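Engineer: Here you go, one structure.
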Amino acid sequence: MAKEKRCALQHEVTRDGPWLIRTYAGHSTAAASNALYRSNLAKGQTGLSVAFDLPTQTGYDADHPLAKGEVGKVGVPISHLGDMETLFEGIPLERMNTSMTINATAPWLLALYVACAERQGVARKVLQGTTQNDIFKEYLSRGTYIFPPQPSLRLIGDVIAFTLAEIPKWNPINVCSYHLQEAGATAEQELAYALATAITVLDFVRDGGQVNPDAFPRVVGRISFFVNAGVRFIGELCKMRAFTELWDEICRERYGITEEKYRRFRYGVQVNSLGLTEQQPENNVYRILLEMLAVVLSKKARARAVQLPAWNEALGLPRPWDQQWSLRLQQIVAYETDLLEYDDIFDGNPVIEAKVAALREGARAELARVEEMGGAVAAVESGYMKERLVESAVARFRAIESGELTVVGVNRFVESEPSPLIAQGDGGFLAPDPEAEARQIEGLYAWRAARDGKRVAAALADLEAAAREGRNIMEPSIACAHAGVTTGEWAERLRSVWGEYRAPTGVGKAAPAASGNRERLAALRRRVAEVSERLGRRIKMLVGKPGLDGHSNGAEQIAFRARDAGFEVVYEGIRLTPAQIVGAALEEGVHVIGLSILSGSHLPLVEEVLKRLEDEGMEDVPLVVGGIIPPQDAEALRQAGVAAVFTPKDFDMTAILDEIVEIVERDWREAA
């Protein structure tokens with residue numbers, strides 16, 4: 001009898017289905033990435049998440065000067081339809097759910113995806129997936145924007161209207177708060193700025209005339225979000241519950257959405273990568289697990305899709321085994337534990353409810369400030385959002401430096417045995433293929449030579465006409481894809497219509513945070529003043545971001561702290577050529593140049609900067625470099641003439657600037 005009761009109880013248990021299990025992947029070439037995707041799918045991954053390289057994200061072909069050193073580094077290069085077909089060869093798109101982290105060129109990559117599906121014989125209406133397509137956070141944090149806000153908003157609207165009619169299962173935008181947190185956002189700011197973006201987009205679509213009012217609830221229902229989850233997982237869990245409640249409130253009260261299914265807060269997540277450490281990198285496995293719990297424990301606020309970084313992303317590109325480790329972590333939580341057998345275990349918890357209420361209140365207040373300015377576009381163009389993010393990032397970095405915020409292995413418990421995970425010959429990560437860029441360029445030349453030039457010209461002419469006339473850009477873009485147009489050609493034609501944009505840096509106006517260690521900063525200021533007096537003027541430093549890497553947090557924090565310490569700082573933002581950097585250094589008469597490069601393209605870019613400095617007779621101006629730089633590359637840079645190399649383990653910005661002052665002073669003494 002007891003055995004029968006146990007069996008009956010077991011039969012009563014029902015399990016929810018697991019979330020979509022993904023890994024964010026893409027590197028070197030379309031063929032190499034295809035092999036990785038097929039391998040991961042065979043291991044139980046249930047969806048794809050495509051990482052594109054920076055030239056693809058910013059609308060350049062592989063042979064463009066700005067693409068030098070960037071091709072295939074942080075993702076897969078897609079120059080044309082042939083690359084897209086190679087990327088998905090042997091992968092049935094009618095059965096696949098594909099997420100594409102693409103923003104400024106989102107209409108183009110979606111056009112290539114649709115054209116690829118059509119070449120496979122797959123109807124548009126059965127395609128499932130997501131284009132990130134959130135340009136606002138690119139202005140604030142990630143930097144892969146091209147056009148000004150208004151034309152960019154129009155492109156977002158075009159994708160939404162097109163998918164609503166043609167690809168009804170597609171998520172046309174993933175409003176992305178992930179990179180806001182990595183840029184320094186507090187939980188309240190992350191909530192407010194993401195919701196402000198969603199409101200701006202929905203208001204634009206509602207009033208834009210492309211969508212029938214009767215279909216607008218379906219537009220709201222297809223809005224999805226992409227969030228971040230840090231290691232303070234109780235607060236992050238509460239943030240997600242606040243997100244769901246605020247979004248339901250906005251859908252009901254602002255847009256009058258009555259159907260519950262259209263008000264659901266649908267989101268995917270990648271847990272925090274910024275918090276992964278170069279020091280004691282094995283600790284990152286535990287961080288990743290705890291961060292994941294924040295987005296799966298609460299049933300009412302559970303993620304629809306999860307992708308986890310690999311433990312070694314602070315070191316370099318993950319190997320297939322590293323991605324498998326993160327994949328298995330998801331599978332163990334989803335399939336071995338009893339998590340999916342229970343209703344929400346936090347309902348009615350007074351501690352959780354109080355925290356959620358506080359987050360809602362703080363987010364509403366910040367959202368109201370953005371609304372008073374005129375919405376997300378105005379808050380971007382005025383620099384307001386960027387300045388607030390820089391201030392929040394300053395406070396976080398200073399808390400780490402002072403020890404107020406503990407990071408195990410970084411500012412506390414730093415004693416460690418050597419890690420066997422990085423003792424192998426490859427250093428614990430996948431080295432980029434040094435020939436990938438040359439092969440991509442060679443393939444690009446062959447593609448251009450084989451296509452019908454008249455068909456390409458006609459397709460591009462219609463694309464430009466659509467942009468100028470206000471027609472939806474998607475069908476002309478799909479025609480361009482089939483005609484053989486390249487990524488750079490598509491983007492260049494639209495640049496000719498709308499121009500390019502330079503977003504505010506947020507460094508000039510952001511207010512200094514209270515220092516966690518005023519004595520050390522005061523000592524640095526005194527030293528800067530003393531050396532400046534010997535030089536006859538203030539130490540002048542140029543902080544540069546060469547290439548296409550738009551992750552500007554480190555550069556902004558160094559520029560901000562240097563200014564606070566008494567340096568005169570020249571910082572002109574992201575996406576500069578080596579020629580522009582050296583030209584600015586010459587014009588400004590700087591004492592030192594600091595480059596920030598996080599995309600893995602440090603060797604070719606630094607080599608070109610050093611050569612141009614020599615050509616201008618400025619080889620005596622010291623050059624320092626920061627980024628995700630493996631030890632062997634750091635040594636190569638020093639051998640080439642770089643005065644100092646800083647990596648993520650160098651978290652103490654006061655110490656970094658103190659070393660830069662020492663370099664400037666030593667250089668002055670040697671020249672005297």
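Engineer: Looking at A378, A368, A363, A334, can you tell me which residue is outside any loop (DSSP other than H, G, I, E, B) and exposed (fewer than 14 other Cβ atoms within 10 Å of the Cβ)?
Structural biologist: Numbers: A378 fails: exposed (fewer than 14 other Cβ atoms within 10 Å of the Cβ); A363 fails: exposed (fewer than 14 other Cβ atoms within 10 Å of the Cβ); A334 fails: exposed (fewer than 14 other Cβ atoms within 10 Å of the Cβ).
Residue meeting the stated conditions: A368.
Engineer: Count, please, the residues in the range 393-409 that happen to be open to solvent by 20 Å² or more (accessible area, probe 1.4 Å) and either farther than 29 Å from D564 by Cα or in a helix (DSSP H, G or I) (or both).
Structural biologist: The initial filter retains those residues of the range 393-409 that are open to solvent by 20 Å² or more (accessible area, probe 1.4 Å), namely 395-397, 401-408.
Then drop every residue that is not either farther than 29 Å from D564 by Cα or in a helix (DSSP H, G or I) (or both), which leaves 395-397, 401-402.
Residues flagged as open to solvent by 20 Å² or more (accessible area, probe 1.4 Å) and either farther than 29 Å from D564 by Cα or in a helix (DSSP H, G or I) (or both) within the range 393-409 amount to 5.
Engineer: Still on this structure: Consider Y286 carefully, then state whether it is crowded, with 20+ Cβ neighbours inside 10 Å and of a type in the set (S, T, Y). Let's see the steps before the verdict.
Structural biologist: Numbers: crowded, with 20+ Cβ neighbours inside 10 Å: no; of a type in the set (S, T, Y): yes.
So Y286 fails the test.
Engineer: Keeping to the range 252-294, report how many residues are under 25 Å from P630 (Cα atoms), part of a helix (DSSP H, G or I) and not aliphatic (A, V, I, L, M).
Structural biologist: Within the range 252-294, residues that are under 25 Å from P630 (Cα atoms), part of a helix (DSSP H, G or I) and not aliphatic (A, V, I, L, M) number 6.
Engineer: Just for the range 427-445: of the residues that are open to solvent by less than 60 Å² (accessible area, probe 1.4 Å) and of a type in the set (G, A, S), which one is farthest from the chain's Cα centre (by Cα)?
Structural biologist: That would be G443.
Engineer: Look at R455 and say whether it is basic (K, R), part of a helix (DSSP H, G or I) and free of Cβ contacts under 8 Å to residues at least 40 places away in the same chain.
Structural biologist: Details: basic (K, R): yes; part of a helix (DSSP H, G or I): yes; free of Cβ contacts under 8 Å to residues at least 40 places away in the same chain: yes.
In short, yes.
Engineer: Hey, another quick one. For residues in the range 243-283 being aliphatic (A, V, I, L, M) and in contact with a Gly (Cβ under 9 Å, 6 or more places away or on another chain), which is surrounded by the most Cβ atoms within 10 Å (Cβ to Cβ)? Walk me through how you get there before you give the answer.
Structural biologist: Within the range 243-283, the first condition is being aliphatic (A, V, I, L, M), and the residues that meet it are 246, 250, 257, 269, 271, 274, 276.
Filter once more, keeping what is in contact with a Gly (Cβ under 9 Å, 6 or more places away or on another chain): 257, 271, 274.
Working: I257: 20, V271: 29, L274: 20.
Once the filter is applied, the top-ranked residue is V271.
Engineer: Continuing with this model, one more query. Do we have any residue at all in the range 453-470 that's out of contact with any strand residue (DSSP E or B) (no Cβ under 8 Å at 6 or more places or on another chain) and over 26 Å from D158 (Cα atoms)? Step through it out loud before you land on a result.
Structural biologist: Let us first name the residues in the range 453-470 that are out of contact with any strand residue (DSSP E or B) (no Cβ under 8 Å at 6 or more places or on another chain), namely 453-470.
So of that shortlist, the ones also over 26 Å from D158 (Cα atoms) come out as 453-454.
Yes; the residues of the range 453-470 include at least one that is out of contact with any strand residue (DSSP E or B) (no Cβ under 8 Å at 6 or more places or on another chain) and over 26 Å from D158 (Cα atoms).
Engineer: If you scan the range 562-577, which residues turn out to be open to solvent by less than 10 Å² (accessible area, probe 1.4 Å) and either in a helix (DSSP H, G or I) or hydrophobic (A, V, I, L, M, F, W, C) (or both)? Break it down stepwise before answering.
Structural biologist: Of the residues in the range 562-577, the ones open to solvent by less than 10 Å² (accessible area, probe 1.4 Å) are 562, 565, 567, 573.
Correct list: A562, A565, F567.
Engineer: Here is a further query. Just checking, does the range 15-23 include any residue being part of a helix (DSSP H, G or I) and open to solvent by 10 Å² or more (accessible area, probe 1.4 Å)? Full working, then the answer.
Structural biologist: Taking the range 15-23 and keeping what is part of a helix (DSSP H, G or I), we get none.
Within the range 15-23, none of the residues are part of a helix (DSSP H, G or I) and open to solvent by 10 Å² or more (accessible area, probe 1.4 Å).
Engineer: I'd like to know if the range 213-220 contains one or more residues that are more than 26 Å from the chain's Cα centre (by Cα), open to solvent by 70 Å² or more (accessible area, probe 1.4 Å) and within 16 Å of N171 (Cβ to Cβ). Reasoning before the result, please.
Structural biologist: Initially, the range 213-220 is screened for residues more than 26 Å from the chain's Cα centre (by Cα), giving 213-218.
Checking which are open to solvent by 70 Å² or more (accessible area, probe 1.4 Å) leaves us with 213-214, 218.
Still in the running and within 16 Å of N171 (Cβ to Cβ): 218.
Scanning the range 213-220 turns up at least one residue that is more than 26 Å from the chain's Cα centre (by Cα), open to solvent by 70 Å² or more (accessible area, probe 1.4 Å) and within 16 Å of N171 (Cβ to Cβ).
Engineer: Within the range 623-642, identify whether any single residue is of a type outside the set (G, A, S), surrounded by 16 or more Cβ atoms within 10 Å (Cβ to Cβ) and farther than 24 Å from G550 by Cα, and answer yes or no.
Structural biologist: Going through the range 623-642, the residues of a type outside the set (G, A, S) turn out to be 623-625, 628-633, 635, 637-639, 642.
After this cut, where a residue has to be surrounded by 16 or more Cβ atoms within 10 Å (Cβ to Cβ) as well, the list is 623-625, 628-630, 633, 637, 642.
With the extra rule that they be farther than 24 Å from G550 by Cα, the set shrinks to none.
Scanning the range 623-642 turns up no residue that is of a type outside the set (G, A, S), surrounded by 16 or more Cβ atoms within 10 Å (Cβ to Cβ) and farther than 24 Å from G550 by Cα.
Engineer: Now for a different question. Test each condition in (1) within 22 Å of L195 (Cβ to Cβ); (2) in contact with a strand residue (DSSP E or B) (Cβ under 7 Å, 6 or more places away or on another chain) for R263 and report the one that comes out false.
Structural biologist: Of everything listed in (1) within 22 Å of L195 (Cβ to Cβ); (2) in contact with a strand residue (DSSP E or B) (Cβ under 7 Å, 6 or more places away or on another chain), R263 misses just condition (2).
Engineer: Under the condition of being in contact with a Phe, Trp or Tyr (Cβ under 7 Å, 6 or more places away or on another chain) and part of a helix (DSSP H, G or I), which residue from the range 528-554 is least open to solvent (accessible area, probe 1.4 Å)?
Structural biologist: Looking at the filtered set, the residue picked out is V528.
Engineer: From L66, L140, L109, grab the single residue that is under 30 Å from G600 (Cα atoms), open to solvent by 20 Å² or more (accessible area, probe 1.4 Å) and not in a loop (DSSP other than H, G, I, E, B).
Structural biologist: On the way: L140 fails: open to solvent by 20 Å² or more (accessible area, probe 1.4 Å); L109 fails: open to solvent by 20 Å² or more (accessible area, probe 1.4 Å).
Exactly one of L66, L140, L109 is under 30 Å from G600 (Cα atoms), open to solvent by 20 Å² or more (accessible area, probe 1.4 Å) and not in a loop (DSSP other than H, G, I, E, B), namely L66.
The values are calculated or read from the model by the stated rules, or taken from the named source; none is laboratory data. The structure displayed is predicted, hence computed values, not measured ones. Cβ: placed from backbone, ideal geometry, glycine included. Neighbour counts: every protein chain shown. With ligands, DNA and RNA removed, areas are computed over all heavy atoms of the protein, side chains included. Shrake-Rupley method; radii C 1.70, N 1.55, O 1.52, S 1.80 Å.
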